[in-house]
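Notes for the one structure printed next.
Derivation of every value follows stated rules applied to the coordinates shown; laboratory data play no part. Just so it is clear, the model here is predicted, and its values are computed rather than measured. Here Cβ is always computed from backbone atoms with ideal geometry, including for glycine, and neighbour counts include all displayed protein chains.
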Amino acid sequence: MASYGFVKGLDHPSIMEAADRVAWTVDDVFRGRRFDASKPIVPTSWVGTDALAFLEAGEQLTLNHCRAFSYVHLLGNYEEFIPPHLGDAMDNNDHDADLQARSLVRFGQEERKHQALFRRAETGLEKSCGHPLGRYFDEQKMQVAEFTAAILRHPLRSRYLLLLAFEWGTQRHYVESIRERTADALHVDVLKAHWVEEAQHTKWDTLEIARLAAGSSVEELRDAFDHVLALGQLIDATFADQVDREIETLQQVSGRAFSDDQIAMLRDALHRSMSAIVAGYALTHPKFAKVALELEQAGAAKLGIAC
Ligand SMILES: [Fe+2]
Ligand SMILES: [Fe+2]
């Protein structure tokens, strides 16, 4: 392994040991519970519409529930690219092959379980709210197949970087949800379960990034950050669409026709908060910044990360 400081203290056996210790099942997380739709489910800061005075309290609550749904809907679908991505990584290994293969299989299985967790949360939210919640990714999986294929067209290094950032982001989502007391107890438990497994994935991805970087030129590393930006644009397009689904749901539930100006304000506020929570929290996480900076400073600067 190259002498990157960010891999110090990381090794496959201890990561696998931690993975065994924290493992859970979807039933363990839900324990037959429902979300409480009489209150906000996600922190109110995740919605970012407080300043929109034309919204009534009930409408703010509906938007909060929409955002809770959007979060699990988007993350569950984003994670679909991870098992095939790990398959590519398996074709690319050069040493520690057995340990690496076992980790790949283990973490791929965990991501499949996360998808099941998020699907259960989607269904649970619709049941608790008593109405459907708008979704960008269709049930027939056409959109997710397209999205996954588009992600997989980018090089392995850039996918790992994006993944690492998003995994660190899930730590912030959990921590913020317990800090803001408005968040629903079941929502907090879903985020906690996700994070305790992602914590191992961050370590494992960090090892993989170092392994791939060791065989890369400076130009290839810099190029990986350009691809991270391009991947970010793919993700941003899903935010824009999902925000429109949130506004549709709000109109259906409230029975209110908003003016064009109001729709524009809603779209702007909701897109801003979605980008901040899902992409911003990830790409600005100090642990991700540390890896990015040590890999290639000029590349990291493209993501706004500076020493
Ligand atoms: Fe996950
Ligand atoms: Fe993960």
Give the aspartates and glutamates reachable from K302 as a straight Cα distance under 17 Å; neighbours fewer than 8 places away on the same chain don't count.
E219, E220, D223, D226, D236, E294
Pop the C-beta distance of D241 and A306 into the FRET formula with R0 = 45 Å and round what comes out to the nearest 0.05.
0.90
Kyte-Doolittle mean at least -1.0 and Cα extent at least 24 Å along the axis: which DSSP H helices of the chain qualify?
57-78, 97-129, 156-179, 185-214, 218-254
With 30 Å as the limit, write out which pairs from K141/K192; K127/K290; K127/K287; K141/K287 have Cα-Cα distances beyond it, or answer none.
K127/K290; K127/K287; K141/K287
Sites D226 and E139, calculated FRET efficiency, Cβ-Cβ separation with R0 25 Å, nearest 0.05:
0.15
Give me the net charge of V253's neighbourhood, meaning all other residues with Cβ under 11 Å from the Cβ of V253; Lys, Arg count +1, Asp, Glu -1.
-2
Cα centroid of the range 26-43 to Cα centroid of the range 51-70, whole Å
18
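I'd like to compare 97-103, 4-10, 65-71, 201-207: which one has the highest average count of other Cβ atoms within 10 Å, and what's the full order after that? Walk me through the intermediate numbers first.
Working: 97-103: 15.0, 4-10: 13.0, 65-71: 27.6, 201-207: 22.9.
Sorting 97-103, 4-10, 65-71, 201-207 by mean packing, highest first, produces 65-71, 201-207, 97-103, 4-10.
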I'd like the distance between the alpha-carbon centres of the range 274-299 and the range 105-123, rounded to an integer number of Å.
24
Using a Förster distance of 22 Å, how high is the FRET efficiency between D88 and A298, based on the Cβ-Cβ distance and rounded to 0.05?
0.25
Run the simple label-point estimate for R21 and A257 please: 7 Å along Cα→C-beta, distance reported in nm.
6.0
Would you calculate a helix-derived [θ] at 222 nm for the chain, using -39,500 (n - 2.57) for each DSSP H run of n ≥ 4 and dividing by the full residue count, to the nearest 500?
-23500 deg cm²/dmol
